Amino acid sequence: MTQPLLRLEGVTKVYRMGQVEVPALRGVDLTVDPGAFLAIMGPSGSGKSTLLHIAGLLDRPTSGRVLWAGDDVTSLGAARLAELRGRHIGFVFQTFNLIPTLSALENVELPLVFQGARPRERRQRAAELLAVVGLADRQRHRPGQLSGGERQRVAIARALVSDPQLILADEPTGNLDSAAGREILEMLRGLNERGKTLVLVTHDAEAAGVARNILRMRDGRIEGEA
Amino acid sequence: MTRDLFVLAVRNVLHRRLRSWLTVIGILIGTAAVVALISIGQGLQRSITQQVEQIMGFNTLLITPRGPGLQARVQLDLAALREVPGVKAAVAVRTETAFVQGPTRSGFLPLTGYDPAMEEFVAELHLKLAAGEGFSQRGQVVLGARAAELIGAKVGDVVTIEDRPFRVVGILAAQEEGRGDTAYGGIAVNDSLFVFYEDLKELFPGPDLAQYGFVKVAPGAEVSAVKAEVERVLAQTGTTEAEVIGFEELTQRIKTVLRGVQAFLAGIAGISILVGGIGVMNTMYTAVLERTREIGVMKAVGAKNSHILLLFLFESGLMGLVGGALGLLVGLGVAQTAAVVVGRLFQVERGFSAAVSVGLVIGALLFSFGVGAISGLLPARRAALLPPVEALRYE
């Protein structure tokens, strides 16, 4: 049996809003095997984004364990977590989250900057990936000069630039028209076919349809496979 | 990577151009004020020191009556002072009011006695002869410009001072009104007549009380040792009311006063740098708020807290440094202009010029960078410690 890439064990997350405690996750177990393409579906407020953030090491669970490639990373320091994110996890967000002052090429380069890569190497790598997502001629454009679909493709190139083992996508088609949305989903499926592990969070059944497995979430719990 | 962060910081500062410039101007004004004041102060100090040196010279001791007032006098035993080893010459300057009869008119005029043993004396008071020459023998007199005019005397005339005849051998050029027309001890140079000290002493028997005295130290002698010895001799000969001041001390005193004034003014100007620093802090807090999501994104793609901290510190330090560099230029310009204007206003020939020291330049740049970086510390810390999820979720 292969080692799971990511495992969440009994993960809960409680947010405090002043005096009120709001439970977002009420005990979630999740296993992501290498090569998987998992969609997590659920209505807004079901805790799917929180789950993705914890899986992406952006947030810490209130209780439970997070295992990355078999190692417990639940209580690792912030710097170590940043390093793991930078090298092994790529993020694609609903709102693209590109840095507006940087060009498309520079946005794609950014993760490599924090890893201390040489300027020439990282520029070359970023240019390659922009070409892969079909934006070879948009290198110098700022995010503001690109369409929504193009921006999301830049974001995908950025997510791929450090050749991560896991890609996490949070409603990647939420801000796109249906044509651009389909294009992005096809691109994600293509990545999975070439061996990347993906977790996609969405409330859109059509988007979830590109995944191999779909999990349904409600009220902070995984209700089962659809 | 530090270089990349710096480049990123430069771009961020350039991106919010207007706000960055406004922030920079805050630092600029403060730095300019401090630099201008220090530069003017240093320039003044230098020029005063030079002038004192010109008047007194390094190897001169000034003996003045202790205590305030131009009427104060001191009794000097010049013969005893000349015996002190290392003393080249000792002279006293004494002025009395004498009844003078000239070819056309008579009247009471100040009569100054001094010793031409100290030949430089005339030069040191910036006295210039308009006619004739300085006296070389007893019984000769040199007239101040107005004194000569008042009594109608020319070179070669004989004037009567306190019933004794003196031959006029020289007449001084008129000193400019308001400055230079009185020398040390309040001698009105234009109005005065100048004779040998011994002549004056004979005309005015009584106690020999001088306005002040000069001791020239022989070349090679230790000034401080001679000074101590002079003080001892003065005390021995019963002169307790005298103060011996060397060149070093005199310039030191002037410097101390100037430095105090300078520190006070620079302190006040420093407040404006503080205000500039608060401006930097404000700008950086705003930047952190505006770029919260950006910070979240950078953390998501692998930026550590230290990277974010450094990025924001670079941005604030950069604004401080640019403000400091420009402020330095403006400050030196202001100081230079002030020096020229003051020179014109008071018609000083060799007026002061603003001083530019390496220390001032480096100090100003380091200080302004420091102000920027320190002002940015709290905002940068806030940015660095933002939890990535909250930063990403920030609307």
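The values are calculated or read from the model by the stated rules, or taken from the named source; none is laboratory data. What you see is a predicted model; the values in this text were computed from it and never measured. Cβ sites come from the backbone with ideal geometry, for glycine too, and all protein chains shown count toward neighbours.
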ask   = So B:GLU290 fits all but one of (1) within 22 Å of B:MET1 (Cα to Cα); (2) within 14 Å of another protein chain (Cβ to nearest Cβ); what number is the exception?
value = (1)
request  = Kindly provide the set of residues from the stretch B:246-303 that are basic (Lys, Arg) and within 28 Å of A:VAL108 (Cβ to Cβ), ordered by number.
outcome  = B:ARG291, B:ARG293, B:LYS299
query = Restricting the stretch A:148-185 to residues that are of a type in the set (Val, Ile, Thr) and assigned to a loop (DSSP other than H, G, I, E, B), which is modelled with the lowest pLDDT?
reply = A:THR173
ask   = When you go through B:LEU14, B:LEU5, B:LEU22 one by one, which is the residue that is touching a His at 6+ places or on another chain (Cβ under 9 Å), over 23 Å from B:GLN262 (Cβ atoms) and either within 14 Å of chain A (Cβ to nearest Cβ) or assigned to a helix (DSSP H, G or I) (or both)?
value = B:LEU5
inquiry  = B:LYS299 - would you say it is within 14 Å of another protein chain (Cβ to nearest Cβ), surrounded by fewer than 24 Cβ atoms within 10 Å (Cβ to Cβ) and basic (Lys, Arg)?
reply    = no
request  = From A:ALA39, A:ALA78, grab the single residue that is within 14 Å of chain B (Cβ to nearest Cβ) and either modelled with pLDDT under 95 or farther than 30 Å from B:ASN12 by Cβ (or both).
outcome  = A:ALA78
Residue list for the stretch B:41-81, filter: at pLDDT below 75 and of a type in the set (Val, Ile, Thr) = B:VAL52, B:ILE55
query = Do we have any residue at all in the stretch A:96-112 that's within 13 Å of the chain's Cα centre (by Cα), within 25 Å of A:ASN175 (Cβ to Cβ) and either within 12 Å of another protein chain (Cβ to nearest Cβ) or buried (at least 18 other Cβ atoms within 10 Å of the Cβ) (or both)?
reply = yes
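Determine if the stretch B:312-332 includes at least one residue that is touching a Ser or Thr at 6+ places or on another chain (Cβ under 7 Å), within 30 Å of A:PHE91 (Cβ to Cβ) and either within 14 Å of another protein chain (Cβ to nearest Cβ) or part of a helix (DSSP H, G or I) (or both). Even if it seems obvious, please write down each step before you answer.
Just the residues of the stretch B:312-332 that are touching a Ser or Thr at 6+ places or on another chain (Cβ under 7 Å), to begin with: B:316, B:319-321, B:323-324, B:327-328, B:331-332.
Those left that are additionally within 30 Å of A:PHE91 (Cβ to Cβ): B:316.
Going one step further and asking which of them are either within 14 Å of another protein chain (Cβ to nearest Cβ) or part of a helix (DSSP H, G or I) (or both), we end up with B:316.
Yes, some residue in the stretch B:312-332 is touching a Ser or Thr at 6+ places or on another chain (Cβ under 7 Å), within 30 Å of A:PHE91 (Cβ to Cβ) and either within 14 Å of another protein chain (Cβ to nearest Cβ) or part of a helix (DSSP H, G or I) (or both).
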note = Within the stretch A:113-136, residues being more than 10 Å from every other protein chain (Cβ to nearest Cβ) and part of a helix (DSSP H, G or I) number 13
query = Restricting the stretch A:81-95 to residues that are in contact (Cβ under 8 Å) with a residue 40 or more places away in the chain and not hydrophobic (A, V, I, L, M, F, W, C), which is nearest to the other protein chains (Cβ to nearest Cβ)?
reply = A:GLY86
note = Within the stretch A:28-80, residues being in a helix (DSSP H, G or I), basic (Lys, Arg) and touching a residue at least 24 places away in the same chain (Cβ under 8 Å) number 1
ask   = If A:LEU146 passes every condition in (1) aliphatic (A, V, I, L, M); (2) within 12 Å of another protein chain (Cβ to nearest Cβ); (3) out of contact with any Leu (no Cβ under 6 Å at 6 or more places or on another chain) but one, which one does it miss?
value = (2)
remark   = Exactly one of A:GLY144, A:GLY90, A:GLY116 is surrounded by fewer than 23 Cβ atoms within 10 Å (Cβ to Cβ) and under 21 Å from A:GLY174 (Cα atoms), and that one is A:GLY144
Helices (runs of 4 or more DSSP H) fully within the stretch B:103-205 counting 2 or more residues that are within 21 Å of B:VAL74 (Cα to Cα) and either at pLDDT 85 or above or in contact with a strand residue (DSSP E or B) (Cβ under 8 Å, 6 or more places away or on another chain) (or both) = B:197-203
remark   = All conditions in (1) modelled with pLDDT of 95 or more; (2) over 30 Å from A:LEU166 (Cβ atoms) are true of B:ALA242 except (1)
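Identify all residues within the stretch A:191-225 that are in a loop (DSSP other than H, G, I, E, B) and of a type outside the set (Lys, Arg); write none if there are none. Outline the logic, then answer.
Taking the stretch A:191-225 as the starting set, the residues that turn out to be in a loop (DSSP other than H, G, I, E, B) are A:194-196, A:203-204, A:209-212, A:219-220.
Those that are in a loop (DSSP other than H, G, I, E, B) and of a type outside the set (Lys, Arg): A:GLY195, A:HIS203, A:ASP204, A:GLY209, A:VAL210, A:ALA211, A:ASP219, A:GLY220.
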request  = With the condition kept exactly as written, say whether any residue in the stretch A:28-36 is touching a Lys or Arg at 6+ places or on another chain (Cβ under 8 Å) and either crowded, with 23+ Cβ neighbours inside 10 Å or under 23 Å from B:LEU385 (Cα atoms) (or both).
outcome  = yes
message = Exactly one condition in (1) more than 12 Å from chain B (Cβ to nearest Cβ); (2) outside any helix (DSSP H, G or I); (3) not β-branched (Val, Ile, Thr) is false for A:LEU188; which is it?
response = (2)
